[in-house]
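The structure under discussion appears below in the form of structure tokens.
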Amino acid sequence: MNTDGIFWLGQSAFRIESGGKVLYIDPYMITDPAKKADIILITHAHFDHCSVGDIQQITKKDSFIVSAESCAGKFENEVKTMRAGDVLDAAGFTVVAVRAYNTDKNFHPKSSGWLGFVVTLPDGRRIYHAGDTDNIPEMKDIKNIDIAFLPVGGTYTMDAEEAASAALVISPKIAVPMHYGSVVGSSADAGQFASLLKGKIKTVIMGSGLDI
């Protein structure tokens with residue numbers, strides 16, 4: 001299993017290239033908009049996830065935008081809204097919406113209906129993007145994941161220790177830390193996450209060259 005064609009853009013933003021198609025998740029602080037999106041997934045309405053300006057930079061006429069319901073109505077392109085449990089196929093990707101929420105803080109209440117996504121790529125790999133979440137009971141139902149993107153920055157989401165515990169529940173082939181180095185958290189959080197999983201789950205810290 002590998003992370004070929006997967007690029008962390010900072011915070012919770014990723015660009016994924018597979019089967020000749022381009023998928024973005026939570027695009028934010030885009031510096032190179034040359035690769036336009038076939039499909040864009042938006043986990044929730046906070047500015048560093050539903051960034052209209054960044055999304056406009058990578059949107060083309062036929063880009064397919066998928067979001068939690070609270071993000072609808074902000075874009076010129078038609079937006080497909082999802083709730084946890086919904087499934088759709090678009091641009092060669094199969095997308096399943098899953099829950100994402102806080103359990104001991106109020107930044108991402110369960111009642112908001114905000115999301116994570118399980119995405120099957122055209123090449124068959126299964127990706128889990130947790131969104132902004134704590135270690136929630138629903139994670140035990142997320143199975144057969146090749147690569148999991150998990151927030152580690154704390155304050156608004158899981159911290160590194162909580163994220164490592166979540167990774168052990170999900171048991172992906174590769175764990176990738178995210179949601180640090182911008183709004184909250186630092187590379188030290190990513191390092192701690194990797195250290196806690198050493199010998200248990202392979203961790204890739206994107207942008208650092210570290211493959212643990």
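The values are calculated or read from the model by the stated rules, or taken from the named source; none is laboratory data. These figures come from a predicted structure and were not determined experimentally. All Cβ positions, even for glycine, are placed from backbone atoms using ideal geometry, and neighbour counts span all protein chains on display.
Of note:
- One residue from 199, 181 being within 18 Å of the chain's Cα centre (by Cα), on the phi > 0 side of the Ramachandran plot and either of a type in the set (S, T, N, Q) or not in a helix (DSSP H, G or I) (or both): 181
- Some residue of region 2-25 being in a loop (DSSP other than H, G, I, E, B), under 29 Å from residue 155 (Cβ atoms), touching a helix residue (DSSP H, G or I) at 6+ places or on another chain (Cβ under 9 Å) and not aromatic (Phe, Trp, Tyr): no
- Taking the listed residues 119, 87, 169, 96, the one that is surrounded by fewer than 20 Cβ atoms within 10 Å (Cβ to Cβ) and either under 13 Å from the mean Cα position of the chain (by Cα) or of a type in the set (Ser, Thr, Tyr) (or both) is 96, with no other qualifying.
- Candidate set from region 68-82 (those that are touching a Leu at 6+ places or on another chain (Cβ under 8 Å) and free of Cβ contacts under 8 Å to residues at least 40 places away in the same chain); member that is farthest from residue 98 (Cα to Cα): 80
- Scan of region 144-166 for residues that are under 14 Å from the mean Cα position of the chain (by Cα), in a loop (DSSP other than H, G, I, E, B) and more than 19 Å from residue 44 (Cβ to Cβ), ordered by number: 145, 146
- Scanning region 103-133 for residues being more than 21 Å from residue 202 (Cα to Cα), assigned to a loop (DSSP other than H, G, I, E, B) and not small (Gly, Ala, Ser) gives a total of 11.
- Failed item in (1) of a type outside the set (Asp, Glu); (2) under 14 Å from the mean Cα position of the chain (by Cα); (3) farther than 26 Å from residue 153 by Cα; (4) not in a strand (DSSP E or B), with residue 77 passing the rest: (2)
The rows are residues; the columns are (1) free of Cβ contacts under 8 Å to residues at least 12 places away in the same chain; (2) touching a Cys at 6+ places or on another chain (Cβ under 7 Å); (3) acidic (Asp, Glu); (4) within 19 Å of residue 6 (Cα to Cα).
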| residue | (1), (2), (3), (4) |
| --- | --- |
| 118 | no, no, no, yes |
| 124 | yes, no, no, yes |
| 173 | no, no, no, yes |
| 181 | no, no, no, yes |
| 193 | no, no, no, no |
| 203 | no, no, no, yes |
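- Top-ranked residue of region 73-89 - restricted to ones that are within 19 Å of residue 59 (Cα to Cα) and not polar (S, T, N, Q), ranked as modelled with the highest pLDDT: 89
- Residue in region 40-59 that is part of a strand (DSSP E or B) and among the charged types (D, E, K, R) present: no
- Residue in region 173-182 that is modelled with pLDDT of 95 or more, surrounded by fewer than 17 Cβ atoms within 10 Å (Cβ to Cβ) and either farther than 20 Å from residue 29 by Cα or not small (Gly, Ala, Ser) (or both) present: yes
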